[in-house]
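Peer 1: Can you read through this structure? Questions will come right after.
Just so it is clear, none of the values below were taken in a lab; they were calculated from the coordinates. Computed from a predicted model, the values in this text were never measured in an experiment. Cβ atoms come from the backbone with ideal geometry, glycine included; neighbour counts cover every protein chain shown.
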């Protein structure tokens with residue numbers, strides 16, 4: 001019997017309201033589902049291990065990735081299935097109100113999204129190079145007039161996340177980009193642990209609910225956001241490089257800069 005595999009990549013803790021909202025969404029389904037948990041695992045193991053377990057069951061026809069701090073809008077899961085698209089996801093604020101986890105391409109799809117609430121068909125994950133989730137590579141960009149260039153770069157030191165960036169860029173480069181939903185999610189942030197040994201020991205939790213389109217810089221700075229939006233509006237072509245392009249060099253602090261070697265063919 002076909003069922004939905006729910007991948008819950010918790011690293012040890014989960015917001016109780018997130019679980020309540022997830023169960024509410026699962027109850028709307030007319031088919032079975034099973035949760036694949038991760039406990040006390042770091043990135044990317046907290047994603048890869050439950051994903052690999054779920055792939056071993058041939059009855060799992062779709063995979064829902066749910067991070068343990070999401071604010072899940074009511075009725076959204078059925079709406080995502082109704083899209084009938086291989087990969088759909090919700091945008092949401094990442095660090096603060098007004099930022100986002102999704103960068104849109106010129107056609108309204110996504111170069112990448114966060115993995116807070118992402119639904120993928122089994123075939124997408126089966127065909128993905130293993131391990132699916134990796135944090136050892138980043139993708140950098142340069143906009144030259146009307147062409148956006150993306151290229152990978154192996155990292156020599158550890159950065160936070162990046163598993164979602166790589167997942168989205170690879171799908172986009174293979175002409176099967178993630179489709180972001182119109183509705184967005186939110187995120188819960190633990191501000192302060194409740195005091196132990198007292199009756200009123202509840203945790204202090206902040207709710208992030210405001211999403212700024214393409215505000216993916218990690219800091220809500222409207223000047224920078226508007227510069228990025230303006231540059232994205234000029235993009236007509238996208239080129240994915242397998243390695244660092246010849247017109248990009250790196251300084252001693254690993255920061256990219258433009259040299260004079262620009263010579264490329266514009267592609268859609």
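Peer 1: What is the helix-to-structure angle for 16-26, meaning the angle in degrees between its Cα long axis and the longest Cα principal axis of the chain, kept from 0 to 90 and rounded to the nearest 10?
Peer 2: Value to nearest ten degrees: 90.
Peer 1: In the chain, what % of DSSP beta bridges are antiparallel (nearest 5)?
Peer 2: On the way: 29 of 46 bridges.
Within the chain, antiparallel bridges account for around 65 percent of the total.
Peer 1: Relative contact order of the chain, please, whole-number percent, based on alpha carbon pairs below 8 angstrom and at least 6 residues apart. Each step should come with its number before you reach the end.
Peer 2: Working: 542 pairs, mean separation 53.2, N = 268.
Reported as a whole number, the value is 20 percent.
Peer 1: Same structure, new question: Which one, 251, 99, 57, has the greatest fluctuation when you compute a Gaussian network model over the chain with C-alpha springs under 10 angstrom?
Peer 2: Taking springs between Cα atoms under 10 Å, the residue moving most is 251.
Peer 1: Using Cα pairs closer than 8 Å and at least 6 residues apart in sequence, work out the relative contact order for the range 70-184, in percent.
Peer 2: Values: 177 pairs, mean separation 38.5, N = 115.
Once divided by the residue count of the range 70-184, the mean separation gives 33 percent.
Peer 1: On the principal axes of its Cα set, how long, how wide and how thick is the chain? Give whole Å, largest value first.
Peer 2: Here the spans come out as 64, 47, 33 Å, largest first.
Peer 1: Name the residue, out of 167, 94, 31, whose mean-square fluctuation peaks in a Gaussian network model built on the chain with Cα pairs under 10 Å.
Peer 2: So, out of 167, 94, 31, the one fluctuating most is 31.
Peer 1: While we're looking at this one, here's another question. Once both labels are modelled 7 Å past Cα along the beta-carbon direction, what's the residue 2-residue 130 spacing in nm?
Peer 2: Spacing of the two 7 Å Cα→Cβ label points: 2.4 nm.
Peer 1: Also, I was wondering about something else. Does anyone have the angle between helix 163-173 and the longest principal axis of the chain? Alpha-carbon axes, 0 to 90°, nearest 10?
Peer 2: 50
Peer 1: Using a 7 Å offset from the Cα along the Cα-to-Cβ direction at both residue 138 and residue 213, what is the distance between the two label points in nm, to one decimal?
Peer 2: Label-label distance for residue 138 and residue 213, simple model: 2.7 nm.
Peer 1: Helix 45-55 versus the longest principal axis of the chain: what is the Cα-based angle in degrees, 0 to 90, to the nearest 10?
Peer 2: The angle comes out at about 70 degrees.
Peer 1: Then there is this: Could you check which residue among 104, 149, 163 shows the biggest mean-square fluctuation in a GNM of the chain with a 10 Å Cα cutoff?
Peer 2: So, out of 104, 149, 163, the one fluctuating most is 149.
Peer 1: Let a ≥ b ≥ c be the square roots of the eigenvalues of the Cα gyration tensor of the range 1-139; is it rounded (a/c under 1.5), or, if not, prolate (a/b larger than b/c) or oblate?
Peer 2: Working: a/c = 1.15, a/b = 1.09, b/c = 1.05.
Rounded, because the longest to shortest axis ratio a/c is under 1.5.
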